[in-house]
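This is the structure, below, for whatever I ask next.
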Amino acid sequence: MPLLEGEERLRLLNLQHNLITKIENLVSLPNLIFLDLYNNHIEEISHLHTIPTLRVLMLGKNYIKQIKNLQNLTKLDVLDLHSNKIGRIENINHLAELRVLNLANNLIKTVDNLSGLISLTELNLRRNIIDQVNGLNHCPRLQRTFLSNNKIGEFENIPCLKDCGQLSELTLDGNLIFNKKGYIQFCLTNCPSLKQLDMRKVTPDMREQSGVANLTGESLAADAARSGAESTQAATSDYIDRIQSTNNPTAAQPGIPGAGGLTNMALGNLAQNNTISNPPVNTNTNAGAANTAAGQEDISPEGLLQVISQEW
């Protein structure tokens, strides 16, 4: 990473789509709050102790194997580590202000070690190898949990779900339990506040049908298709708008696809709240279009916009 001298006021730094192998040379950026290193060659989280002001850390699509060296980042709001090689959730219990955690498309087998995340509202664990889910009940503000495309085979493998009555969005499609009898009843009984299940709006008809013990997620989806019901848009569908320019942050401009960015309007709001004098460094504004799977791994726009709408 380059050493940016004379940029003490810099708050947003975007270094997506490079060949960076090591996080370093951040000591000269004492006011940095947003760091985006999506799609590089980073193998280890390191040298972040010099920027305790950081609120958003985007490290998706790298080669990171372990979550570590975050002990000084107690102000983190967003931590995005999707599409790495992480096998375990660990070393994040001190992040009491963290609201969005994205660990999609990693190698996680068990969900645990979530105690201390008292502000967490969104957890994305799509596309791992998860067969056991524990500890969601340690996150009292958790509203959105995405567990699609894992290896959860039995209702008993998610015992904590019964203590997550505050959940408003849940996805479990792509798991074996999705096709088990009683799936819908299980989800709606344990999570009575659900508004979306598997990216479909929870309707009064769905709640009425949930009393049918043999109703599976697959059969409900087929019923909705036959009746012409409109599906709600996926939680991550709009998040592929990226940063392209901050010269006119409120103007509608095409974004850079791929994970790790903000919509231009969101960036504009962030800049106004923080009196940002320098635009983020973006060394590649011609990145190719992201594929569908990458879009599914991104942080949902609702979660991220909720975070950045706060005055830092």
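Laboratory data are not the source of any read-out in this text; all were calculated from the coordinates shown. Note that the structure is a prediction, hence the values are computed from the model and not measured. With ideal geometry, Cβ positions are generated from the backbone for all residues, glycine too; neighbour counts draw on all protein chains shown.
Only one residue in Arg88, Arg126 is touching a helix residue (DSSP H, G or I) at 6+ places or on another chain (Cβ under 9 Å) and among the basic types (Lys, Arg), so which one is that?
Unique residue meeting the criteria: Arg126.
Residue check, Leu57 against (1) farther than 14 Å from Asn14 by Cβ; (2) in a strand (DSSP E or B), all met but one. Which one?
(1)
Determine if the stretch 64-79 includes at least one residue that is in contact (Cβ under 8 Å) with a residue 40 or more places away in the chain and farther than 23 Å from Ser119 by Cα.
No, the stretch 64-79 contains no residue that is in contact (Cβ under 8 Å) with a residue 40 or more places away in the chain and farther than 23 Å from Ser119 by Cα.
Every residue, every condition in (1) of a type outside the set (Phe, Trp, Tyr); (2) surrounded by fewer than 23 Cβ atoms within 10 Å (Cβ to Cβ); (3) more than 19 Å from Ile89 (Cβ to Cβ), yes or no:
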site	(1), (2), (3)
His41	yes, yes, yes
His47	yes, yes, yes
Thr50	yes, yes, yes
Leu59	yes, no, no
Lys65	yes, yes, no
Asn69	yes, yes, no
Asn72	yes, yes, yes
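Let me ask another. Among Ser168, Ser115, Ser148, which is the only one that is free of Cβ contacts under 8 Å to residues at least 40 places away in the same chain and touching a strand residue (DSSP E or B) at 6+ places or on another chain (Cβ under 9 Å)?
Ser168
Tell me which residues, restricted to the stretch 142-154, are more than 16 Å from Asn102 (Cβ to Cβ) and either within 15 Å of the chain's Cα centre (by Cα) or crowded, with 16+ Cβ neighbours inside 10 Å (or both).
If the condition is that a residue be more than 16 Å from Asn102 (Cβ to Cβ) and either within 15 Å of the chain's Cα centre (by Cα) or crowded, with 16+ Cβ neighbours inside 10 Å (or both), then Ile152 is the only one that fits.
Something else now. Against the conditions (1) within 26 Å of Glu122 (Cβ to Cβ); (2) crowded, with 19+ Cβ neighbours inside 10 Å, where does Leu10 fall short? Just the number, please.
Checking Leu10 against (1) within 26 Å of Glu122 (Cβ to Cβ); (2) crowded, with 19+ Cβ neighbours inside 10 Å, the one that fails is (1).
Inspect all residues belonging to the stretch 81-94 and state whether any of them is in contact (Cβ under 8 Å) with a residue 24 or more places away in the chain, surrounded by fewer than 22 Cβ atoms within 10 Å (Cβ to Cβ), small (Gly, Ala, Ser) and assigned to a loop (DSSP other than H, G, I, E, B).
no
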